[in-house]
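Peer 1: Mind having a look at this structure? Questions to follow.
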Amino acid sequence: MELEFLGTGAGVPAKHRNVSGLALKLLDERNAIWLFDCGEGTQMQILRTNIKPRKIEKIFISHLHGDHIFGLPGLLSSRSFQGGEEPIIIYGPAGLENYVRTSLQVTKTRLAYPLQFVELSEGIIFKDKQFTVECMLLDHGIDSYGFRVKEADHEGMLLVEKLVALGIPAGPIYGKLKQGQKVTLSDGREINGQDFVGESKKGRIVTIFGDTRFTSKSSEFAKDSDVIVHESTFNKNEAKLARAYFHSTTHQAATIAKEAKAKKLMLTHISARYLAKEAKELEEEARDIFPNTQIAKDFDIIDIPFS
Ligand SMILES: [Zn+2]
Ligand SMILES: [Zn+2]
């Protein structure tokens, strides 16, 4: 499980930062990519990575500002040319389907794959055996959402080699042992399944926020995240501006990560006013509150290991 930042800028594209786009790479988990927001030029950014558009299975759009959606019709169209035949499900606020379908219709674009839309509302918007995605409404003037992606816990594997070494042959008994049950063998030996099941692993949690003002409920929503991705359009001294423009500061994002007891904070949606040196200063500001903070740059790849 990895995050790859495709665009980390705010509002308009800059030479060193494209507008919003973020890939959650679930290649080992489900051979798929989930894309979060798709600002203009996202498909050009993807060309500079090893991401294959046909592997994009789901697209989550936080809100309908142009810097988060102007790249979507183009990406969908190119995916069709590049041999994408698998359906895509797009999760976004009301109005997104109209925007996408109108763009495709006006440009007479026919996709070679089915497109399905799910309109966002608060609560669980997707759940299967592997992952649950939950949504929270943020504070951004227009409807903007955060996404909490939670992986299901991995059960411990049955230590088959250990069983074979003890001369316990495969059979229905393996199922009982895997559930941790105690079993008496035909030769009278008592076997405790718990001794033959490997460690279980806690599922990972990634919380990705759309553009927003600081809201106190964000930390609860992002509780225990392995990684939080939060916007940081303004520096710590610009809380008034951040409030006026419905955005957040470094300190506000870091406060959320701290209160959520997250493991790592990635700051994104960085204004073009901040060049490399100034961006470093933003990082330092956030680290005063939450030490494991990193300012995302375009093409940064963050591995998300099991804890
Ligand atoms: Zn934005
Ligand atoms: Zn916005």
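Peer 1: What whole-number volume per residue, in cubic angstrom, does the convex hull of the C-alpha atoms of segment 1-72 give?
Peer 2: 76
Peer 1: If amide hydrogens are placed 1.01 Å from N in the peptide plane, which non-local residues have theirs closer than 5 Å to the one on residue 138?
Peer 2: Hits under the 5 Å cutoff: 144, 145, 146.
Peer 1: So what is the relative contact order for the chain, in percent, with contacts set as C-alpha pairs under 8 Å and at least six apart?
Peer 2: Numbers: 701 pairs, mean separation 50.0, N = 307.
It comes to 16 percent, rounded to a whole number.
Peer 1: Which whole-number percent of Cα pairs in segment 43-91 have a distance greater than 12 Å?
Peer 2: Every Cα pair in segment 43-91 considered, those over 12 Å come to 65 percent.
Peer 1: Rounded, prolate or oblate: pick one for segment 63-110, where a ≥ b ≥ c are the square roots of the eigenvalues of its C-alpha gyration tensor, a/c under 1.5 means rounded, and failing that, prolate if a/b is larger than b/c, else oblate.
Peer 2: Verdict is prolate for segment 63-110.
Peer 1: Still on this structure, please answer the following. Just the Kirkwood number for segment 215-307, please: inverse of mean 1/r across all distinct Cα pairs, in Å, one decimal. Kindly include the intermediate steps, with their values, before the conclusion.
Peer 2: Working: mean 1/r = 0.0760 Å⁻¹.
Here the Kirkwood hydrodynamic radius works out to 13.2 Å.
Peer 1: Under the Kirkwood approximation applied to all pairs of distinct alpha-carbon atoms, what is the hydrodynamic radius of the chain in Å?
Peer 2: 20.9 Å is the Kirkwood radius here.
Peer 1: Hey, can you rank 47-58, 101-112 by average C-beta count inside 10 Å, highest first?
Peer 2: Peptide ranking by packing, descending: 47-58, 101-112.
Peer 1: In whole Å, largest first, what are the principal axis extents of the Cα atoms in segment 121-264?
Peer 2: 76, 28, 18
Peer 1: I need the phi-derived Karplus couplings for segment 155-170: 6.51 cos²θ - 1.76 cosθ + 1.60, θ = phi - 60°, integer Hz, Gly and Pro marked x.
Peer 2: 5, x, 7, 6, 7, 4, 4, 5, 5, 4, 4, 8, x, 9, x, 4
Peer 1: Filter the cross-link list 202/263; 258/280; 223/297; 150/280 down to pairs whose alpha-carbon distance in this structure exceeds 22 Å.
Peer 2: Beyond 22 Å between Cα atoms: 223/297; 150/280.
Peer 1: How would you order 195-207, 117-129, 246-258 from highest to lowest mean count of nearby Cβ atoms within 10 Å?
Peer 2: Per-residue mean Cβ counts within 10 Å order the peptides as 246-258, 195-207, 117-129.
Peer 1: Here is a follow-up. Fully extended, how many nm does the chain gain between residue 101 and residue 121 (0.36 nm per residue separation, minus their Cα-Cα distance)?
Peer 2: 5.2 nm
Peer 1: Over segment 196-307, what relative contact order in percent results from Cα pairs under 8 Å that are six or more residues apart? Present the calculation step by step, with values, prior to reporting the outcome.
Peer 2: Values: 205 pairs, mean separation 31.1, N = 112.
Relative contact order, segment 196-307: 28 percent.
Peer 1: How many percent of the accessible area of the chain is carbon or sulfur, using a 1.4 Å probe?
Peer 2: Carbon and sulfur together cover 52 percent of it.
Peer 1: Starting from the Cα of residue 155, step 7 Å along the direction of its Cβ; do the same at residue 113; then give the gap between the two resulting points in nm.
Peer 2: Once both label points are built, they end up 3.1 nm from each other.
Peer 1: Here is a further query. Considering the zone a paramagnetic label at residue 47 would reach in this model (a point 7 Å from Cα along the Cα-to-Cβ line), which residues of segment 59-93 have amide N under 18 Å from it?
Peer 2: 70-84, by backbone N distance to the label point.
Peer 1: Once every DSSP H run of n ≥ 4 in the chain is given -39500 (n - 2.57) and the sum is divided by its residues, what mean residue ellipticity at 222 nm do you get, rounded to the nearest 500 deg cm²/dmol?
Peer 2: -7000 deg cm²/dmol
Peer 1: Here's something else I'd like to know. Run through the DSSP bridge list for the chain and note the antiparallel percent, rounded to the nearest 5. Can you show the working numbers first?
Peer 2: Details: 36 of 61 bridges.
Around 60 percent of the beta bridges assigned by DSSP in the chain are antiparallel ones.
Peer 1: Of the options 33, 1, 51, report the single residue whose Cα projects farthest towards the positive end of the charge dipole of segment 1-83 (beta-carbon charges: Lys, Arg +1; Asp, Glu -1).
Peer 2: About the Cα centre, the residue reaching furthest to the positive side is 51.
Peer 1: Reported to two decimal places, what Rg/Rh ratio describes segment 100-157 when computed on Cα atoms with Rh from the Kirkwood expression?
Peer 2: 1.14
Peer 1: Based on Cα coordinates alone, diagonalise the gyration tensor for segment 27-169, multiply each eigenvalue by 5, take square roots, and list the semi-axes in whole Å, largest first.
Peer 2: 35, 20, 13
The values are calculated or read from the model by the stated rules, or taken from the named source; none is laboratory data. Keep in mind it's a predicted model, so treat the numbers as computed, not measured. Neighbour counts are summed over all protein chains in view; Cβ atoms, including those assigned to glycine, are modelled from backbone coordinates with ideal geometry. Keep in mind that these areas ignore ligands, DNA and RNA; they rest on the heavy atoms of the full protein, side chains included. Shrake-Rupley method; radii C 1.70, N 1.55, O 1.52, S 1.80 Å.
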